[in-house]
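Participant: My structure is below; once you've seen it, I'll send some questions.
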Amino acid sequence: MKKTCLTFAIAFFALAAQAQYCNTEKGTALLYINSDRQANETRIDTTLISAVRTQDRKTLVEQTLCNPKTRGKDSIFDDNSTIKFAYGTDKTTERIIIDENWGVETMQTLQKELAPQEKGMPFDPEELERTAGNHKGAITIPLRKDITEGEKIPSGKFTIKASFMKAGLEVSKGRYEGFEKVTVPAGAFNCLKVSYKLRKNILYLPRTVYVTQWYAEGIGLVKEETADKKGYLKQSKTLLRIISPE
């Protein structure tokens, strides 16, 4: 009887480990081939599963970008130095594009960098702490196994204002495109495909891109394509290799 229960428990937890659309093994490295057609540049990006913890009955996962030179290439919202996921008891994996903490921390960093350069706007730590709290909203992409092809993804919006700076991020026109088998250098994976419109407004300079992503269970992002309004592919990312911790 004990052996039967143990076998069932092992099978259950093995299944549960594969139920989320992200990797939850701390120390795992995910290597991606990142091709930027605008910059005519191809590089290898490495993200590390840097933190896994439980909070409010959710498993929270953080992935850290390990390539310092790739940060801040375009704007603060392209500086994906930390990628976050949350997996709950409802079996939904939330790909957190931006939350309040990320927005405030990023705006504080940007203000520290720009304030000394602005005439008549010296850097004031107390003012920074006070004004950086003017933010609202959060954006997540729910990843589920029970989606219906063509089903809409909830829209989301985030805005923050700190002193003389204002920034915003908005996801709209999102939909679940269904499931596809995707072959990348790391292998072949059955993926959930999603697409959405991403609008960024940094210092009143709006920019819009159209994003398509493929996520695999137990792994996370396998492939990503970013295009302009006309469908011209601007950037792509494909999973190259998965390195498990020793």
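The values are calculated or read from the model by the stated rules, or taken from the named source; none is laboratory data. In this text the structure is predicted, and so the values were computed from the model without any measurement. Glycine gets a Cβ as well: all are built from the backbone with ideal geometry, and neighbour counts include every protein chain shown. For the accessible areas, the whole protein counts, side chains as well, though only heavy atoms, and no ligand, DNA or RNA atoms are used. Shrake-Rupley method; radii C 1.70, N 1.55, O 1.52, S 1.80 Å.
Participant: How many of the residues making up the range 136-152 are part of a loop (DSSP other than H, G, I, E, B) and open to solvent by 80 Å² or more (accessible area, probe 1.4 Å)?
Facilitator: Residues in the range 136-152 being part of a loop (DSSP other than H, G, I, E, B) and open to solvent by 80 Å² or more (accessible area, probe 1.4 Å): 4 in total.
Participant: Return the pairs, sorted by first residue and then second, in which the second residue is in a loop (DSSP other than H, G, I, E, B) and surrounded by fewer than 19 Cβ atoms within 10 Å (Cβ to Cβ), the first residue lies in the range 209-220 and is free of Cβ contacts under 8 Å to residues at least 60 places away in the same chain and hydrophobic (A, V, I, L, M, F, W, C), the beta carbons are less than 8 Å apart, and the residues are 6+ apart or on different chains.
Facilitator: Listed by first residue and then by second, the contacts come to Val209/Asp228.
Participant: Does Thr183 satisfy being closer than 20 Å to Glu41 by Cα and modelled with pLDDT of 95 or more?
Facilitator: Answer is no for this residue.
Participant: In the range 153-180, what residues are over 19 Å from the mean Cα position of the chain (by Cα), more than 13 Å from Tyr215 (Cβ to Cβ) and open to solvent by 10 Å² or more (accessible area, probe 1.4 Å)?
Facilitator: Residues satisfying the conditions are Lys161, Ser163, Phe164, Lys166.
Participant: In addition: Got at least one residue in the range 218-231 being modelled with pLDDT of 95 or more, assigned to a strand (DSSP E or B), open to solvent by less than 30 Å² (accessible area, probe 1.4 Å) and more than 29 Å from Ile160 (Cβ to Cβ)?
Facilitator: Within the range 218-231, one or more residues are modelled with pLDDT of 95 or more, assigned to a strand (DSSP E or B), open to solvent by less than 30 Å² (accessible area, probe 1.4 Å) and more than 29 Å from Ile160 (Cβ to Cβ).
Participant: Within the range 67-76, is even one residue part of a loop (DSSP other than H, G, I, E, B), at pLDDT 50 or above and open to solvent by 40 Å² or more (accessible area, probe 1.4 Å)?
Facilitator: Checking the range 67-76: not a single residue is part of a loop (DSSP other than H, G, I, E, B), at pLDDT 50 or above and open to solvent by 40 Å² or more (accessible area, probe 1.4 Å).
Participant: Another question, if that's okay. Could you list, in sequence order, all residues of the range 200-235 that are under 20 Å from Ala39 (Cβ atoms) and touching a helix residue (DSSP H, G or I) at 6+ places or on another chain (Cβ under 7 Å)?
Facilitator: Scanning the range 200-235 gives Lys200, Ile202.
Participant: Right, here's the next one. Any residue in the range 51-67 that's more than 11 Å from Thr82 (Cα to Cα): show its pairings with residues that are of a type in the set (A, V, I, L, M, F, W, C) and surrounded by 14 or more Cβ atoms within 10 Å (Cβ to Cβ) at Cβ separation under 6 Å, as long as the two are six or more apart or on different chains.
Facilitator: Sorted first by the residue in the range 51-67, then by its partner, the pairs are Val52/Val61; Arg53/Leu60; Lys58/Ala86; Leu60/Ala86.
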